Amino acid sequence: MIVSGKHIVRRPSYLMKSKSHQLFEKIETFKNLPTLPHILLEFIAACNKPDSTNENISQVINKDSSLTAKVMRMVNSAYYGLPNRVTSMEHALLLLGTDAVKNIAISASVFQAFAKTKSNSVLNLKLFWRHSLMCATVAKLIAKKVSYSSPDEAFLSGLLHDIGKLVLWVNFSKEYADVLESSNNESDLLLAGEMRLGATHCEVGAWMIGQWNLQSFMADAVLYHHEPVHRVLDALPLVKIVFVANALSRETMGENDLRFRTAQEVFGLPRSEIEAVVLQAEQEVLEIARSLGIDIESSEGLPPAVSEADRQKEKDLVSAVRDISLLQGTLQNLLEASGQDSILKVVKQGLQVLFDVHRVIFLVHDPEKNALLGKGAMGSTEDVLAKEIVVPLQTETCLPVMSLSQKTPLDSFGHLRKVELTILDRQLIRLMARDGLLCLPMIAHEECVGVILLGIDQGRISRLSNQMSLLTLFANQSALALHADMVREVQSKLVQSERLAAASGIARRVVHEVNNPLGIIKNYIKILGLKLSGDDPAQEELKIISEELDRVALIVRELSDFSEPGAKETEPVDINGLLSDLVKITRESLMRDAKVNVHLKLEPSLPTVSSGKNSLKQVFINLIKNAVEAMPQGGNLYIHTRRLGNKLQAQVKQDMEGAGAWDSVEISIRDEGPGIPDAIKSRLFEPFVTSKTGEHAGLGLSVAYNIINELKGAITCESGEKTGTTFKIVLPVGQKQKA
């Protein structure tokens, strides 16, 4: 086991040979053993955490200004070819992803760790770094070609595949110089000479990666990059990728046939594709070296220079590919967004990142109003004012409507097509606080979804015009996301309507079947009362049963029309008295056998509430019954009432439909059960959703929710595994008088 700082690295079995063991123990004692900076190790750990955010990761690397500068220089280099300059680490992480930024940082730090290493004719560091960068670039290109999940990991593995040579050179300069001289660039001779020192550069490199706490498969790729080809064929993908990349990066041109055959044998790629990979890598290596500040030396026999016209075509092609690659990340976020507001926010962020446009307003088509309605996405000043914009589609001469009807982008400068601006167009430009306006129509399945308005300055219109195909693609993808969300919403409403219609039909049949037995039971109770003396104690209980039967009959009659509730008569209801009676009624039937203790805490001065007594009774019985059933082993049930003061009313005002309520009461019913599952909480008050284990449908809470809403009140639920479940009902006592 090796202890390095705070990191404990277990040495794999291939490093446990006696001579290798002695070599690594010796290397560990040297002061010039290269180490990655503490900030970089912290940065790697943050990148590897599944719950880390871009903000967390950027805060870590920003602690090291030198490392940050190296990463930003690489990110803004021609190698990545981003359309706009990246000015923050968080922005870089958003555009390139954590893996790419992590590998840039490690690459820069690895070079820095060996920056003071002196080279000579035996170990030419310029050629060493060129070969390493070539192997890294080829590895990344092959990884993409064979659909390996992490091309950036392949790049870093290729960059580090020969790092063991530098460790040996730094610590055993004279001895390793003899090995290099005697091997004459022959791999077999080199490995044999290294073994006489105690370990090959492959083993040293794998050990070094273990010291740096990098991924284990990366160490494997470094360890096995000089194995015979037949042993590599059944290895994991990263090992094969680095093995082939090393073979293709050899400088000796006489080995071309052999290295291409190796690539064909391992991956089955045709020679033409392999040659294209090597050619592309040769061209990218110089740019990467320049961005990382690495001095390399070009090898002989490079391909002849291409013409300026061909170079420009290649540059345009690479730029287009990179634009689409960047677009893919934003489109993925678009697919994952749910709800119109969330989709529009992602679209606005995409426009800011991809096209550097920061003034954006959306006009969404409303078929019912036959108009475009303004929508914001980020809460800026223009977003707030956008909500006041209504553009009737009959306004055919204004820029947004023309753009939508003609299904083509239009701008206020007349750059795309000559137009005459209306007052509305000029108002939109003033709102954007820019020189002009670019309108992008959003069309999905030949349907008009809306228009994206971009506020731009005169100098930007030419550049955006060159990106018009990409802008149009982005607008159409945004339209598809919005259209799909609208379809989901319509389908959801349709399903809900069909559910209510089906439930109403069932309810009518229930009414028909239940009324007859209810009438018979009512008659028998009346006969039983006549047989008893007037002062018999049972008369009071028969009275309660009769009242409850009347309430059941009323509920059954209303059940058939619950999807279209009509106006109900109200009366002053004593909440405390009603709850006391309900506890008395339910104590025997619900609580005695269930071993539930009821704790009533009723505020004495509670005012009456103008409501339907039977409706409230139905709500309270449902909640009490649910609470008892939530505690099958027994427990405590707390029922409290209180009058809300002004401060408390302000807290619940936003939940009250009756915004004019000037006085209100609160009823809370709390149990000590296991709580409601998270999957149920968000849909708790929907029809046919229940929190009870083992059931598939329920109407109790949905009915309670509808009743409280009709009373201009609010019902909320708080639930947790340790705290149980609490339902709170707030009911208005009266309404403000109009002046």
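The values are calculated or read from the model by the stated rules, or taken from the named source; none is laboratory data. A quick note: this is a predicted structure, and the numbers were derived from the prediction, not measured. Cβ sites come from the backbone with ideal geometry, for glycine too, and all protein chains shown count toward neighbours.
Quick look at the values:
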{"read-out": "Residue match in the stretch 393-404 (condition: more than 25 Å from Glu447 (Cα to Cα) and modelled with pLDDT of 90 or more)", "value": "no"}
{"read-out": "Scan of the stretch 336-392 for residues that are surrounded by 18 or more Cβ atoms within 10 Å (Cβ to Cβ) and in contact with a His (Cβ under 7 Å, 6 or more places away or on another chain), ordered by number", "value": "Leu372"}
{"read-out": "Some residue of the stretch 545-558 being among the acidic types (Asp, Glu), in a helix (DSSP H, G or I), assigned by TED's automatic domain parsing to the domain that holds Val628 and modelled with pLDDT under 70", "value": "no"}
{"read-out": "Single residue of Ile443, Ile429 found to be under 29 Å from Ala371 (Cβ atoms), assigned to a helix (DSSP H, G or I) and at pLDDT 90 or above", "value": "Ile429"}
{"read-out": "Any hit, the stretch 22-31, residues being surrounded by fewer than 17 Cβ atoms within 10 Å (Cβ to Cβ), acidic (Asp, Glu) and modelled with pLDDT under 75", "value": "yes"}
{"read-out": "Leu223 being surrounded by fewer than 19 Cβ atoms within 10 Å (Cβ to Cβ) and modelled with pLDDT of 90 or more", "value": "no"}
{"read-out": "Condition met for Thr641 (among the hydroxyl-bearing types (Ser, Thr, Tyr), surrounded by 13 or more Cβ atoms within 10 Å (Cβ to Cβ), modelled with pLDDT of 50 or more and part of a loop (DSSP other than H, G, I, E, B))", "value": "no"}
{"read-out": "Residue check for Cys448: surrounded by 13 or more Cβ atoms within 10 Å (Cβ to Cβ) and either more than 24 Å from Phe355 (Cα to Cα) or at pLDDT 95 or above (or both)", "value": "no"}
{"read-out": "Count of the stretch 154-195 residues which are polar (S, T, N, Q), surrounded by 19 or more Cβ atoms within 10 Å (Cβ to Cβ) and more than 14 Å from His131 (Cα to Cα)", "value": "1"}
{"read-out": "Only one of Val364, Val353, Val360, Val390 that is at pLDDT 85 or above and within 24 Å of the chain's Cα centre (by Cα)", "value": "Val360"}
{"read-out": "Count - residues of the stretch 154-183 that are within 26 Å of Phe217 (Cβ to Cβ) and not in a helix (DSSP H, G or I)", "value": "2"}
{"read-out": "The stretch 396-410 residues that are assigned by TED's automatic domain parsing to the domain that holds Phe474, paired with ones that are of a type in the set (Gly, Ala, Ser) and in a helix (DSSP H, G or I) (beta carbon under 9 Å, 6 or more apart)", "value": "Glu396/Ser405; Pro409/Ser403; Pro409/Ser465; Pro409/Ala475; Leu410/Ser403"}
{"read-out": "Filtered residues of the stretch 367-382 (kept if modelled with pLDDT of 85 or more and touching a helix residue (DSSP H, G or I) at 6+ places or on another chain (Cβ under 7 Å))", "value": "Leu372, Gly374, Lys375"}
{"read-out": "Residues of the stretch 454-479 satisfying the condition of being crowded, with 18+ Cβ neighbours inside 10 Å and either within 19 Å of Pro400 (Cα to Cα) or touching a Cys at 6+ places or on another chain (Cβ under 7 Å) (or both)", "value": "Leu454, Gly455, Ile456, Ile461, Leu464, Leu471, Phe474, Ala475, Gln477, Ser478, Ala479"}
{"read-out": "Among (1) at pLDDT below 90; (2) within 20 Å of Gln406 (Cα to Cα) - the single one Ala507 does not satisfy", "value": "(2)"}
{"read-out": "Unique residue being among the polar types (S, T, N, Q), surrounded by 14 or more Cβ atoms within 10 Å (Cβ to Cβ) and out of contact with any Ser or Thr (no Cβ under 9 Å at 6 or more places or on another chain) when the list is Asn103, Asn76, Asn54", "value": "Asn103"}
{"read-out": "Candidate set from the stretch 466-484 (those that are modelled with pLDDT of 85 or more and hydroxyl-bearing (Ser, Thr, Tyr)); member that is farthest from the chain's Cα centre (by Cα)", "value": "Thr472"}
